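The values are calculated or read from the model by the stated rules, or taken from the named source; none is laboratory data. The structure displayed is predicted, hence computed values, not measured ones. Glycine gets a Cβ as well: all are built from the backbone with ideal geometry, and neighbour counts include every protein chain shown. We work out accessible area using only protein heavy atoms, side chains counted, and drop any ligands, DNA or RNA first. Shrake-Rupley method; radii C 1.70, N 1.55, O 1.52, S 1.80 Å.
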Amino acid sequence: MKSRRTPSQKRVLKLLHASTRALSAQEIFSKLRKQQLATGLATVYRALDALKLSGEVHVRMQTNGESLYTAAHDDTHHLTCLNCGKSVTIAECPVHALEAQLQASHQFQVFYHNLEFFGLCDRCQS
């Protein structure tokens, strides 16, 4: 669902599409400044919120409370260690059927979902 984007939204989205990993709002702000694109941190947050609401950006909360942003793509699934913060992407998804059922039964448009399991990685268990 793409709406008309502001110049700031376009810059943020272009940066996220070019990134190989999820970025925090602060990282996005820093990268834009390095590119000499005048965008304030509050503007970055507003752009991210608008892009999130349009389904063009995915947001994922880390265990430390920081949000990480990526350009919209497939749903994400992770195993995250509560001790060291290591996060491993997993391909399996047991909730696609549930997502379709919820969309139909609640007339709710789902843009994406995040499935995350928290525990201890093999190193932290030792």
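Summarised in one figure, the compactness ratio Rg/Rh of region 1-73, Cα atoms and Kirkwood Rh, is 0.93. Backbone geometry of region 22-27 corresponds, through the Karplus equation with coefficients 6.51, -1.76 and 1.60 at θ = phi - 60°, to 3J(HN,Hα) couplings of 5, 10, 7, 4, 5, 5 Hz, x marking Gly and Pro. When the charge dipole of region 74-125 is built from unit charges on Cβ atoms (+1 for Lys and Arg, -1 for Asp and Glu) and taken about the Cα centre, the candidate among 87, 101, 124 whose Cα reaches farthest toward its positive end is 124.
Our summary of shape: the Cα atoms of region 74-125 have principal axis extents of 43, 16, 14 Å, ordered from largest down, in whole angstrom.
Charge dipole (Cα centre; +1 on Lys/Arg Cβ, -1 on Asp/Glu Cβ; no other charges) of region 1-73 amounts to roughly 320 debye.
Mind giving me the FRET efficiency for residue 14 and residue 42? R0 is 22 Å, r the Cβ-Cβ distance, nearest 0.05 is fine. Between residue 14 and residue 42 the formula returns 0.70. Longest stretch of the chain clear of exposed loop sites (trypsin sites (Lys or Arg not before Pro), DSSP loop, at most 12 other Cβ atoms within 10 Å, sites excluded): 22-126.
Applying 1/(1 + (r/R0)^6) with r as the Cβ-Cβ distance of residue 100 and residue 5 and R0 = 22 angstrom yields a FRET efficiency of 0.15. Computed from backbone phi, the HN-Hα couplings of region 102-115 come to 5, 4, 6, 6, 10, 6, 10, 7, 8, 7, 6, 9, 10, 10 Hz, rounded to whole numbers (Karplus: 6.51 cos²θ - 1.76 cosθ + 1.60, θ = phi - 60°; Gly and Pro given as x).
Say the cut-off is 18 Å between C-alpha atoms; which of 14/86; 14/52; 10/52 go over it? Checking Cα-Cα distances, 14/86 exceed 18 Å.
Let me spell out the model: positive unit charges on the Cβ of Lys and Arg, negative unit charges on the Cβ of Asp and Glu, origin at the Cα centre of the chain. What dipole size does that give, in debye rounded to 20?
Here the chain has a charge dipole of around 860 debye.
If you count only protein heavy atoms with a 1.4 Å probe, what accessible area per residue comes out for the chain, rounded to a whole Å²?
66 Å²
Summarising the amide proton neighbourhood of residue 115: residues at separation of 5 or more, or on other chains, whose placed amide H is nearer than 5 Å comprise 76, 77, 78.
With loop membership from DSSP and a limit of 16 other Cβ atoms within 10 Å, the longest segment of the chain without GluC sites (Glu not before Pro) is 1-65.
When the Gaussian network model of the chain links Cα atoms closer than 10 Å, the mean-square fluctuations of 89, 76, 20 top out at 20. Annotation: the chain has a Kirkwood hydrodynamic radius of 16.1 angstrom, from the mean reciprocal C-alpha pair distance.
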